[in-house]
């Protein structure tokens, strides 16, 4: 099938456009015949909406799943994970095992979260159990740290009480909904600073689940020293690691942008904490990403025209336990530093190599199994087909050069619920 | 034979002398007294029994480590009648050059002081002391106005001094011969050639396993890595400094590195050490020194902008400010060709009774100095431990990188070694670069002065510093510099200006040091 790939985008980002142009693809408008559309989340809503939607043809690919919000909206993500856990518990799966205090042993990776105003009363009950705790309020539909604030007193969120007589929250429209999560006030600090991890995960299909982890994730540091002191609860420079916020701090540095590579983190942790606990931490991180995807896989519209590159935000606490904070459908493609630009350019490059094989006009019926050589900086995180196949073990070990090494086979074992090898 | 024996007894006497004043001695004495209570100690065989007890309880090991440490650090006098200056630096012309360089630095410092009307030292008012104490963990956010401060000197100023070094007893002759040295350094020091380096660095050979090569993902760990880690753990359990130093020549596993370095440097964190660090911290709080501003400026210019080290900015202040007040560092001047600068109490210029060393530790920081500390932050996050390790690294190794001496690990020898290696084994490249006005040393000098900190990726840098500790020598820095040039030789042959050559060598962050060293030393046809 000769002919150049025709691309459209509604996001003016150089890392995207440079990648399309270097492949010799042709830019068209959305009304013309296109093959590849890198769209914003608003546009994907239109494409798949009942009123304005249209059918995609076999040679068209888009970069979002129709109902990605099942994973990327904070409230829906938590809902799906809770549902997934309950299902596993019902089945009697060992994955859903709990400890003496009723906490999930393997599936406790999201901080306690409630929807407001729907779960207000449940939240109050939980809050009263430990009244000195801090909670973080996040609007469901926003990004870049907008609208987030911390509270440590019930009075600060009176507005969200269901019985509230104030009229400002009469509307229960999803736009105004918030989630409130237990704030992790003992984050792992390095150099006295709080940081979070941004990891990129590419999903090419949900059923069977096939996902890839980008090896070059990074840590985002706050510019100001961390303090759990209540007087600094309002200082967003202390608590929120979003670059969109940190960039406005006085100490923001444009050379390194407050970012560290994940390999630096690994070196630091191995040197100061030891190899075993560090490996265990990274294994756990891979685990929680896979579990979160498995949780939403049943409800995801596994449209064959779609792939998606998510930005996972993870925080590590001082006991080296990772927590999933949120998943972004549209991770920022803006570059804050030169290194950043290179990283994002390569990210898109490797993503396109996997999603659009050989850079040719796509056929969405293909089996979505790219050869090892095109993965670039991606590694196979989880491949459900392989994990369930018979000769899977042997094949995985032979792939170990490209996938996650010895950890990968443990991870697959976990998929078959042989957890003892993994933990 | 007799000479050797008397040398040995001289050495033993010196070490005993040194150790007698140490904490270890007091501890051993205490332990010996306490052991008298033990049933196995009998009066008839007191000496042997106590010795046996020391062996079993691990105290002998500690003593061994202390002795080994002394041997590694202290150069041995070549002659019992040698005056103390010879211990610092045997060659007169080197001593003179170092002396005049020091005068220049001090003059520069004093004039900055006068220009800015800032005293070299002042006591902080109580309010300021309180503020600093509160801010101790985040001094990086303090933004004092540093615009008027300049670093006292930068590596390139120092290079100019080295270029002009001449041995007045040595006549080169004006005629060029094959023996003429084409580089910038023109002093006749003995440096090793590749066969000698191969002997020195025998453990880096092609048939010996290395971390940095044989632990890459393509190599199954059963071949080398697992066994190496196991041996490392054993070394740590035995707590044997000498064994650790031998072991680390093949590289240190990341998880064991912090402990291994501490063992090799003979650092153990006793309460006294922590107390000493706290004392230094109090000194910092109470007095403000001019060099503090220089340190701030340096950190802000270098580490704060570094992709790897910016996170540890505050630790750097905590270490360096304390370092400049640590008078115990003065003892290393016994074997350092440099001498601590003297300053006089106001109005008492020239009167020896009113002379003080300034800064108290005698070390004036230069541009890039904080990069000696930065990589250590990846290994130690407890400030007093970090401090001790840095101080020991400084008095064993780093001081040699910015003082003029004839020592084989001194910067002058390293420069000469680098240039000689290049001229002997890559003559075409050397000649070409010289012709286009890009003397190789002008580019590699800054790498060596900083021990490559800030130029290599951190994991690679740590593998390099493993070998510095393992071989107790800085010569590997010169070899690596030459190996880098060898690696990029093809590109360098095509450049036509100094700027272009700098550009080819601007980014070393992707280099893997161990393969480069191995290829240069063991796999190049010489």
Residue B:300-residue B:115 pseudo-label distance in nm [points 7 Å out on the Cα-to-Cβ vector]: 1.6 nm
Estimated [θ] at 222 nm from DSSP helical runs (n ≥ 4, -39500 (n - 2.57)) normalised by residues in chain B, nearest 500: -16000 deg cm²/dmol
Rg/Rh (Cα only; Kirkwood hydrodynamic radius) as it applies to chain B: 0.97
Inter-probe distance in nm under a simple model that places probes 7 Å from Cα toward Cβ, at residue A:125 and residue B:43: 7.9 nm
Stretch gain in nm, segment residue B:36-residue B:233, where the contour uses 0.36 nm per residue and the Cα spacing is subtracted: 67.6 nm
Potential lengthening between residue B:207 and residue B:342 on full extension [0.36 nm per residue; Cα-Cα distance subtracted]: 43.4 nm
Euclidean distance between Cα centres, segment B:470-489 to segment A:1-62, Å: 52 Å
In Å, descending, principal axis extents of the Cα set of the protein assembly as shown: 99, 70, 66
FRET efficiency, residue B:498 to residue A:339 (Cβ-Cβ, R0 22 Å, nearest 0.05): 0.25
Neighbouring partner chain Cβ atoms per residue of A:271-278, average, 10 Å criterion: 5
Kirkwood Rh and Cα Rg combined as Rg/Rh, segment A:29-154: 1.10
Approximate spin-label separation residue A:301-residue B:190, in nm, with each point projected 7 Å along Cα-to-Cβ: 8.2 nm
Theoretical FRET efficiency, 1/(1+(r/R0)^6), r = Cβ-Cβ of residue B:328 and residue B:274, R0 22 Å, to 0.05: 0.90
Sequence of B:62, B:55 once ranked by neighbouring C-beta atoms within 10 Å, starting from the fewest: B:55, B:62
Debye equation applied to the C-alpha atoms of segment A:314-367, log10 I(q)/I(0) at 0.25 Å⁻¹: -0.97
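Values quoted throughout were computed directly from the atomic coordinates according to the rules given, and no laboratory measurement underlies them. Because the structure is predicted, anything quoted here is derived from the model rather than measured. Cβ coordinates were reconstructed from backbone atoms using ideal geometry, including for glycine residues, and neighbour counts include every protein chain displayed.
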